[in-house]
Ligand code: ATP
Ligand code: MG
């Protein structure tokens, strides 16, 4: 880390939440201020008060234990159960027969599970796990399509104190084996197939491959998603989900677990390197998930809430499963691709189920922009009242499109900054309490001490870029990297003693609003100025012909680094040398001569992680014309990389 980051993005638009939204919102501006001030003055009292709203079998002896940093503990001595909080708690009251999950498969099949029905399935499956010898503390791999059974499996593990490790269904056999071995998994839960863009994804086949190299795995449970798939069931090892469920009781009281009992391991996206097995525990994580879901999404009993992430990512864990279910919300869940059978599939789902809250990612939004406005415009989206974004910085022009075309100008947007490691949302607007600015995640939530500092750890002046850190522990923070305490300390706690390092750059403006500028590793160094790739990308994306852009540095003898831009164009726009020059001029006009691109390259697609994040480290190798050596196990589509390399040689 050298000098500070120079910010060149100048975005001044601001949007007040509509009066009707403000009037009905659970948290007003005054209430937000009160909560934030309370948390500053008495963090432990603040968190303890909110934890009271969860169910505890036994209340904690101490709210916080900071005696062995950075291994912090929350609600010490308390016992609880996440599955109990997401299910049993709701059965006595008015939510028993409320839809917990409304599900639609990619081929169009649908199912709805009420809280009562979900509880029944989870209890039975938990007993099934016990029958297979899974006990408290054992690790269980879940490698499933986006069906309710993925959530049932997670909640069943949580119920008996088994530690789940969900692996995104798009990953290869190799990736599954790596994660099985890293976690020492005893059981794998999978499905014969899942559906993606009209094709069957053969999950069980991948598991068969993976299990050749996973000596710790004793059994495999297979959910039958489709009839007539020729799945090989390994005798003595593999059991069908429905067979396991057929002769177990539905009586399975939730285990009383210590607040610090491990809940899950989840491997990060791998945008910057080899994925890390992030460990989360019970009480603190549940508090973070439930509270932020309630606050940020202003959740109401009648909402149909849809988070489009896969359960294999942290967003799916916290905002499809644990947060919404802890709040007795109705969760929309969809199995497949956004462009199957047509590019309006999301909008069709919103129209059909009258979805009120949509939470998706910038990568999806940029794809929708590329596909054209006619798709959302052909559907009735008037049920929507709130929109969310997560996963990457959202370019201001993508934000504007989301606001106007999807939100009809009436829906506040919550741009939520957080990480696998943080467990729950850290920086976000509370939608009825503050105005928003396109591209800014606004302010830290009450209780979260996120600040922008220089390399010595001092706060940087307004409008200067620096490093985003969190100064005070919070309940849903990761506890360690599974099996690697040293890597945990080195990665997050060695840059600033006692302070959590996020590895993201950011700046704060005159209103105290935070603008996340992307990863510190991605920062460009041009003629002694450190520029955020994201800011140059945002300038490109606001050109009317550009759909998406990735910007990286390449070695330059004079400037240190030259700016190399990989650009995808909107559908139907032809690539030309003239357009390259036009884009260079456009960036220069938007943000200054300093950021003038040295090279613009057109491409049909950008290399991304399977969670849809641009992998700039791979593009850096291509821009520099060197052989790449980094970890590519989480890359979505290898052919994109191959094509870019070919282009480079040609
Ligand atoms: P790895 O840590 O393995 O490189 P990753 O950081 O992509 O992968 P995640 O935990 O899924 O793994 O993503 C967290 C990161 O995503 C953040 O550190 C940040 O860079 C980015 N991010 C998430 N939400 C936002 C947001 N709203 N605005 C800006 N950046 C965001
Ligand atoms: Mg990360």
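So which of 317, 375 ends up being closer than 30 Å to residue 480 by Cβ and part of a helix (DSSP H, G or I)? Just a single option satisfies the conditions, and that option is 317.
Among the residues of region 251-279, which ones are under 26 Å from the mean Cα position of the chain (by Cα), surrounded by fewer than 21 Cβ atoms within 10 Å (Cβ to Cβ) and away from ligand 1 (no atom under 16 Å from the Cβ)? Selection gives 260, 261.
A quick yes/no check of all residues on (1) more than 27 Å from the chain's Cα centre (by Cα); (2) without any contact (Cβ under 8 Å) to a residue 60 or more places away in the chain; (3) surrounded by fewer than 21 Cβ atoms within 10 Å (Cβ to Cβ):
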position: 577; (1), (2), (3): yes, yes, yes
position: 593; (1), (2), (3): yes, yes, yes
position: 616; (1), (2), (3): no, no, no
position: 631; (1), (2), (3): no, no, yes
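Yes or no, residue by residue, for (1) touching a residue at least 40 places away in the same chain (Cβ under 8 Å); (2) farther than 23 Å from residue 515 by Cα:
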position: 539; (1), (2): yes, no
position: 545; (1), (2): no, yes
position: 550; (1), (2): yes, no
position: 560; (1), (2): no, yes
position: 585; (1), (2): no, yes
position: 601; (1), (2): yes, yes
position: 621; (1), (2): no, yes
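Evaluate the following for residue 487: is it surrounded by fewer than 20 Cβ atoms within 10 Å (Cβ to Cβ), within 13 Å of ligand 1 (Cβ to nearest atom) and on the phi < 0 side of the Ramachandran plot? It is true that residue 487 is surrounded by fewer than 20 Cβ atoms within 10 Å (Cβ to Cβ), within 13 Å of ligand 1 (Cβ to nearest atom) and on the phi < 0 side of the Ramachandran plot. Scanning region 12-46 for residues that are surrounded by 15 or more Cβ atoms within 10 Å (Cβ to Cβ) and part of a helix (DSSP H, G or I) turns up 21, 22, 29, 31, 32, 35, 36, 38, 39, 43, 46.
Quick one: in region 411-439, which of the residues that are part of a loop (DSSP other than H, G, I, E, B), surrounded by 23 or more Cβ atoms within 10 Å (Cβ to Cβ) and within 11 Å of the chain's Cα centre (by Cα) is farthest from ligand 1 (Cβ to nearest atom)? By that ranking, first place goes to 424. Pairs meeting the criteria (first residue in region 320-344 and on the phi > 0 side of the Ramachandran plot, second residue assigned to a helix (DSSP H, G or I) and modelled with pLDDT of 95 or more, beta carbons under 6 Å, at least 6 apart or on different chains) are 328/90.
Listed here are the residues, each with its yes/no results for (1) more than 18 Å from residue 306 (Cβ to Cβ); (2) outside the structural domain of residue 197 (by TED's automatic domain parsing).
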site	(1), (2)
104	no, yes
107	yes, yes
110	no, yes
130	yes, no
137	yes, no
151	no, no
158	yes, no
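For region 318-329, filtering for residues that are in contact with a strand residue (DSSP E or B) (Cβ under 6 Å, 6 or more places away or on another chain) and under 23 Å from residue 195 (Cβ atoms) leaves 2. Would you check if residue 245 is in a loop (DSSP other than H, G, I, E, B), more than 25 Å from the chain's Cα centre (by Cα) and more than 30 Å from residue 607 (Cα to Cα)? No: the conditions fail for residue 245.
In region 123-239, counting only helices (runs of 4 or more DSSP H) that sit wholly within it, the ones holding 2 or more residues that are under 21 Å from the mean Cα position of the chain (by Cα) span 148-160, 173-183.
The values are calculated or read from the model by the stated rules, or taken from the named source; none is laboratory data. Fair warning: this is a prediction, and the values are worked out from it, not measured in the lab. Note: ideal-geometry Cβ built from the backbone for every residue, glycine included; neighbour counts use all protein chains shown.
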